[in-house]
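Input: a single structure, listed below in structure tokens.
The values are calculated or read from the model by the stated rules, or taken from the named source; none is laboratory data. Values in this document were obtained by computation on a predicted structure and should not be read as measured data. Glycine gets a Cβ as well: all are built from the backbone with ideal geometry, and neighbour counts include every protein chain shown. Ligands, DNA and RNA are stripped out before the accessible areas are found, and what is left, the full protein with its side chains, is counted by its heavy atoms. Shrake-Rupley method; radii C 1.70, N 1.55, O 1.52, S 1.80 Å.
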Amino acid sequence: MEIPSKYNPVEVEDKWYKYWMDNKFFHSTPDEREPYTIVIPPPNVTGVLHMGHMLNNTIQDILVRRARMTGKNACWVPGTDHASIATEAKVVNKLNNEGIDKYDLSRDEFLKHAWDWTDKHGGIILDQLKKLGASCDWDRTAFTMDETRSESVIKVFVDLFNKGLVYRGVRMVNWDPSAKTALSDEEVIHKEVQSKLYYLKYQIEGEDEFVTIATTRPETILGDTAVCINPADERFAHLKGKRVLVPLINRSVPIIEDDYVDMEFGTGCLKITPAHDINDYEIGMKHNLPSIDIFNDNGTLSEKAGLYIGEDRFDVRDKIVPELQKAGNVAKIEDYTNKVGFSERTDVIIEPKLSAQWFLKMEELVKPALENVMNDNIQFHPPKFKNTYKHWMGNIKDWCISRQLWWGHQIPVYYLPDGTFVSAETAEQALEMAKEKSGNADLTAADLTQDEDALDTWFSSWLWPISVFDGIREPDNEEVNYYYPSSDLVTAPDIIFFWVARMIISGYEYRDEFPFKNVYFTGMVRDEQRRKMSKSLGNSPDPLDLITKYGADGVRVGMLLCSPAGGDLLYDDGMPQQGAGFSTKIWNAFRLVKNWEVSSEIEQPEHSKLAIEWFKNKLGEVVETLDSQFDQFRISEALMTVYTTVRDEFSGWLLEMVKPPYQKPIDAQTYNDVVDLFDQMLRLMHPFTPFITEEIWQLLGERKEGESIMISQLPKAEKYDSELLGTFEDVKEAVSGIRKIRKEKNIAFKDSIELAAQKGDKGFDTAFNSILIKLGNLSELNLVEEEVKGAASFRVKSSNFYIPLDSFIDVEEELKKLEEELKYTKGFLFSVMKKLGNERFVSSAPEAVVNKEKEKQADAESKIKVLEERIASMI
């Protein structure tokens, strides 16, 4: 068998992924085995693979492959999310480029364009995940807007509506003027920005005096309906009961009192704009103030503003300030740093806006979800995220679940002609309910109007662990009873509220059980400057380019070596390069073993027998360590355990101990043992590096069609001799000591040397002499009772080792070198002592400088002692 000198990941990866797919190794159906279930965090249907996906899905694949190899019925469900805001924005942009306005289309016409876009661009990311090696059950691929998931979403809305948990109300919401939709609080990202604080003067009605307020948003004065002071603020006691005129428009508004006003902030006077600030809205409700909505849905000023109608809000800000200055209404302008809310999807500044929306009452729903995380029925890894979760759940607000979009699940609410409404799963059911509600049997479907809004995308993905097994429509079906709850969830902490918390809430509401036992939070992938990777910054490599260059296994290993749970990964190209180097190491080890000539006529040498026994025990220790690391979700550490075992223990020690002399055969017993141990190592490596391990495993021995390492069994934890392992560490230290002296004295490895051992309590066991002889290339290994004069030496614990150098060095030449070095060191010590003997230096120099000189003194004195002893031993 001709083994290529270099491993070619491109050829290998495509070949074995097709083999796995053809043999349906990823597919799962319920049976008598213990299930292991993971549901993929569904990426945007039209998205493409980025570095965060790579990390997240690598970890999921490791967990799934490991579970499969421990005999569990592993089921990894893939799928995509319809991503209402992001997808609709892309479709609207495409239509705009074609000269088509969304609002010139009917809803059905627009949805046809959206489905065409989804069919064209959707699912690309899932094909990309296959390149990574993701062992998903692709037959189960779900989409949040496919029939099963859509019907599940509608069914849940109607159920919650009937329970009185869904309601419609006019509330202050976060409005995205770009997407023209409301957002939940979790979809708003607060960023620190450099703003201006404008001090504006409002004339007191009927007087020449003014009151001054401070605002960062001067354009909103057009919606002011009051000025508020704190009743305890004596500075403004004279203003009670008076009115002021809003600048430019001269609207007369009352001065009201409320202890909400912070007397220390700004001027202590607060303008009240109930339609455009959540706190002002609360004050307005309390004091029965009118609310003037001065903004259109797209962020331009409405007719109610009175001025600048149809102009963008930020353009108006630039224009209104000079007008206010001209009118004498600007007292001063200051630089100001504040936090401003941005849309998580469109990255535009959100606008607080009064709007009629659908909400879900959360107060009661969250209770079991909070309790079962805090009592560790559901475990977070790392647990630090419990505090974040507790804070949010303890301060939760009702969830705004309606979106002013067409792409998504249309809200199943139907309005009667009189404005009342019913909620039903179908239009037919709605008509029957409407007839009953109104008492009008003559109502027709044409008399009903379905709510125009769509449901929040997260209102579908919160059901994901249940709906992928059709557990909403058929709550007692075989699949959901078998696979639910899922085992582990792997996700990023930035969607702990969007998704994780809500899945837990729906799990308890609809299954009375948690949706997963463990949540593993990955870190964020950042560049070396700690910036989040993004297309706009141009700091994110294309994952597929990395896979082409370094191989999928190289990328998987490279990313995971530096990625502790919950800790950010600072990416650089050295990571996949290191991963690819690991693949090369494994491949070279395989080539070494398979190229050995094997003889059944040679007896197994003692050193090989000992080496095999040691590594079998080492493997037992490694398996125990890995089991513990996986139980604690220390996956990055588990990879490092495998990595160092392969690199150091297997390749660096075992293969070196057993490899036969140059151009000589290896005995069959050792060869078979090594192949068996290699097989076990490959199985431990497989979840991390699936492709190269499959390639080597298939070539390592005779395999039948349909066999695969991915469905083989992982090595199980067995008892191991820890004393033997400890003793062998002493052997390794002794070999390292021999190698160090060879290097220092330029003694080639081909030249055999003698070794004398002075046995102490610890550090030397004669049972392993054959290994020392092999790895040290020793001609003799003798036990001595006392120090060997003139020999190079090293120490392992309490045992001393000596290597006579007579035949390797010129004694006269070596003495000359040592005496020159001694002379130099004494001269150096003299200069140091002279400096330390200078009282002025010692008293005036910084303490750290004096201490440094004292360190030099101690080092020189120690070196002089060693040199003098070495010279004495050679005379």
Filter the range 264-278 for residues that are assigned to a loop (DSSP other than H, G, I, E, B) and in contact with a helix residue (DSSP H, G or I) (Cβ under 8 Å, 6 or more places away or on another chain); which is farthest from N174 (Cα to Cα)?
-> G268
Taking K774 as the residue in question, decide whether it is out of contact with any strand residue (DSSP E or B) (no Cβ under 7 Å at 6 or more places or on another chain), surrounded by fewer than 16 Cβ atoms within 10 Å (Cβ to Cβ) and either of a type outside the set (D, E) or not in a strand (DSSP E or B) (or both).
-> no
Within the range 1-46, which residues are outside any loop (DSSP other than H, G, I, E, B), farther than 21 Å from A74 by Cβ and open to solvent by less than 50 Å² (accessible area, probe 1.4 Å)?
-> P9, V12, N44
Could you pull out the residue among K339, K367, K304 that is of a type in the set (D, E, K, R) and in a strand (DSSP E or B)?
-> K339
How do the pairs read when you match residues in the range 829-852 that are closer than 20 Å to I864 by Cβ with residues anywhere that are of a type in the set (S, T, N, Q) and open to solvent by less than 80 Å² (accessible area, probe 1.4 Å), using Cβ under 6 Å and keeping only pairs 6 or more apart or on different chains?
-> V832/Q857
Set P290, P352: member being touching a helix residue (DSSP H, G or I) at 6+ places or on another chain (Cβ under 6 Å), open to solvent by 20 Å² or more (accessible area, probe 1.4 Å) and under 24 Å from P247 (Cα atoms) = P352
Confirm whether N57 is surrounded by 24 or more Cβ atoms within 10 Å (Cβ to Cβ) and part of a helix (DSSP H, G or I).
-> yes
Given the structure, is P564 within 30 Å of I396 (Cα to Cα), at pLDDT below 95 and open to solvent by 20 Å² or more (accessible area, probe 1.4 Å)?
-> yes
For residues in the range 347-364 being assigned to a loop (DSSP other than H, G, I, E, B) and in contact with a Pro (Cβ under 9 Å, 6 or more places away or on another chain), which is nearest to R217 (Cα to Cα)?
-> I350
Within the bounds of the range 491-499, is there any residue that is under 20 Å from the mean Cα position of the chain (by Cα), of a type outside the set (F, W, Y) and buried (at least 23 other Cβ atoms within 10 Å of the Cβ)?
-> no
Given the conditions (1) crowded, with 16+ Cβ neighbours inside 10 Å; (2) hydroxyl-bearing (S, T, Y); (3) assigned to a strand (DSSP E or B), every one holds for S779 apart from (1)
Filter result (in contact with a Pro (Cβ under 9 Å, 6 or more places away or on another chain), assigned to a strand (DSSP E or B) and either small (G, A, S) or open to solvent by 60 Å² or more (accessible area, probe 1.4 Å) (or both)) within the range 243-261 = R243, E257
If we only count helices (runs of 4 or more DSSP H) wholly inside the range 424-477, which ones have 2 or more residues that are surrounded by fewer than 23 Cβ atoms within 10 Å (Cβ to Cβ)?
-> 427-438
Filtering the range 155-169 down to residues that are of a type outside the set (F, W, Y), at negative phi and either surrounded by fewer than 21 Cβ atoms within 10 Å (Cβ to Cβ) or over 33 Å from the mean Cα position of the chain (by Cα) (or both) yields K155, V158, D159, L160, N162, K163, L165, V166, R168, G169
If you scan the range 751-764, which residues turn out to be part of a loop (DSSP other than H, G, I, E, B), open to solvent by 40 Å² or more (accessible area, probe 1.4 Å) and under 16 Å from S736 (Cα atoms)?
-> S752
Under 8 Å by Cβ, and 6 or more places apart or on different chains, what pairs join a residue from the range 704-720 that is part of a loop (DSSP other than H, G, I, E, B) with one that is open to solvent by 70 Å² or more (accessible area, probe 1.4 Å)?
-> A717/E624; Y720/K616; Y720/E624
Please find, among A74, A83, A89, the residue that is within 30 Å of D679 (Cβ to Cβ) and either of a type outside the set (S, T, N, Q) or out of contact with any helix residue (DSSP H, G or I) (no Cβ under 6 Å at 6 or more places or on another chain) (or both).
-> A74
